[in-house]
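Data block below; observations after.
The values are calculated or read from the model by the stated rules, or taken from the named source; none is laboratory data. This one's a predicted model, so the numbers in the text were calculated from it and none came from an experiment. Reconstructed Cβ throughout: ideal geometry from the backbone, glycine too, with neighbour counts over all protein chains shown. We work out accessible area using only protein heavy atoms, side chains counted, and drop any ligands, DNA or RNA first. Shrake-Rupley method; radii C 1.70, N 1.55, O 1.52, S 1.80 Å.
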Amino acid sequence: MKTRMTVAALTALAVIFLTPEWSFAVQKTAPPRIFKSCAEGQESTRLALCEEYQPPGGGVRIHVGGSNRAACTTGFGVWKPDANGNAAQYSLTAAHCSMGNATRDTYTDEGKFLGNLIDIKYTRTQDSALLEGNETYKHFTENVFSGGPKTTKQLSVRGQATPGKGDMVCTSGATTGEVCNISLKNTVPKCVKMDEDGKVVDRCGLIEAYRPGKVVVGEGDSGGPVYQKKDANTVNAVGIIIGGNDRGQTLYYEPIAAVLQSYGATLATCWDTVPNICEHGA
């Protein structure tokens, strides 16, 4: 790992000790279905999924290119028409998670094969990718993990939101866990210089948020969900984690509306599946 006082992506490919000037990058309705659950005596966390578990839309640690590769985090579940025009479900993550890897195969923290990254959008104004699950992990549920790195608690995604300057958001990266009370510093997307694996790039279309004295993002959180809580069990999607600065106290995220528009996709919400999922949280 190169030790540079620069901006970096939130994967293990880059440093998180930064100068103040630079930052680090880190079809809607389907038939109702009941998701498989963990067997008796098992539990699923953002770091370890039981065999039959359908991973949630946000907060699972993933490794692109092999289980020994740098970590990232899944974002929200989305619906998008497949090649045949049928609604298919995917999970969002950050495009820079795939950089430097020979394959797009994606694995869990414990080495289970999840699926492949597709539709990778890695440009000056876009940093997102879709994770297409394999047969075991075919669907990505409309939930996000809420709590520390080993939490089993989940919240249901109710809809999406565009917060204003000074409003508070939460993050839920697989490394840092859930952190809330992060205040937005701007509402107009901005450009930020980022160090991605030792290369300084301009990353635009980002919203900046800040919580002094608290690490809100770190290595391995890239692609994870940014949201606002509606109540104890539900959230509104706000964006996906791209990077940070100020030793992790500053967050940069790509707004969910921009990501969805780029794919012609729709956010997967609890309204799309079992009706009472909104009430029970997960």
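For every residue, the table says whether it meets (1) more than 26 Å from residue 196 (Cβ to Cβ); (2) in a strand (DSSP E or B).
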| site | (1), (2) |
| --- | --- |
| 75 | no, no |
| 89 | yes, yes |
| 97 | no, no |
| 106 | no, yes |
| 110 | yes, no |
| 135 | yes, no |
| 149 | no, no |
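If we keep just the residues of segment 198-225 that are part of a strand (DSSP E or B) and touching a helix residue (DSSP H, G or I) at 6+ places or on another chain (Cβ under 8 Å), which is surrounded by the most Cβ atoms within 10 Å (Cβ to Cβ)?
The extreme case among them is 205.
One residue is enough: does segment 16-36 have a residue meeting the conditions within 23 Å of residue 262 (Cα to Cα), of a type outside the set (A, V, I, L, M, F, W, C), modelled with pLDDT of 80 or more and touching a helix residue (DSSP H, G or I) at 6+ places or on another chain (Cβ under 7 Å)?
no
Mind listing whichever residues of segment 226-249 are open to solvent by 10 Å² or more (accessible area, probe 1.4 Å), farther than 16 Å from residue 75 by Cβ and of a type outside the set (A, V, I, L, M, F, W, C)? Show your work before the answer.
Looking only at segment 226-249, we keep the residues that are open to solvent by 10 Å² or more (accessible area, probe 1.4 Å), and these are 228-233, 236, 246-247, 249.
Next, only the ones that are farther than 16 Å from residue 75 by Cβ stay: 229-233, 246-247, 249.
Correct list: 229, 230, 231, 233, 246, 247, 249.
Pairs please, first residue from segment 59-71 and in a loop (DSSP other than H, G, I, E, B), second anywhere and among the basic types (Lys, Arg), Cβ atoms under 9 Å, 6+ apart in sequence or on different chains.
Close Cβ pairs satisfying both conditions: 59/46; 60/46; 65/104; 67/112.
For segment 252-268, check the following and say yes or no: at least one residue is at pLDDT below 95, open to solvent by less than 10 Å² (accessible area, probe 1.4 Å) and assigned to a loop (DSSP other than H, G, I, E, B).
Within segment 252-268, one or more residues are at pLDDT below 95, open to solvent by less than 10 Å² (accessible area, probe 1.4 Å) and assigned to a loop (DSSP other than H, G, I, E, B).
Inspect segment 106-120 for any residue being within 23 Å of residue 228 (Cβ to Cβ) and surrounded by 24 or more Cβ atoms within 10 Å (Cβ to Cβ) and give the result as yes or no.
No, because not a single residue in segment 106-120 is within 23 Å of residue 228 (Cβ to Cβ) and surrounded by 24 or more Cβ atoms within 10 Å (Cβ to Cβ).
Tell me, please, whether a residue that is closer than 23 Å to residue 258 by Cβ and open to solvent by 20 Å² or more (accessible area, probe 1.4 Å) can be found in segment 146-153. Explain how you work it out, then say what you get.
First pass over segment 146-153, keeping only residues closer than 23 Å to residue 258 by Cβ: none.
The answer is no, given that none of the residues of segment 146-153 is closer than 23 Å to residue 258 by Cβ and open to solvent by 20 Å² or more (accessible area, probe 1.4 Å).
How many of the residues making up segment 122-144 are closer than 19 Å to residue 206 by Cα and either open to solvent by 10 Å² or more (accessible area, probe 1.4 Å) or among the aromatic types (Phe, Trp, Tyr) (or both)?
Number of matching residues: 5.
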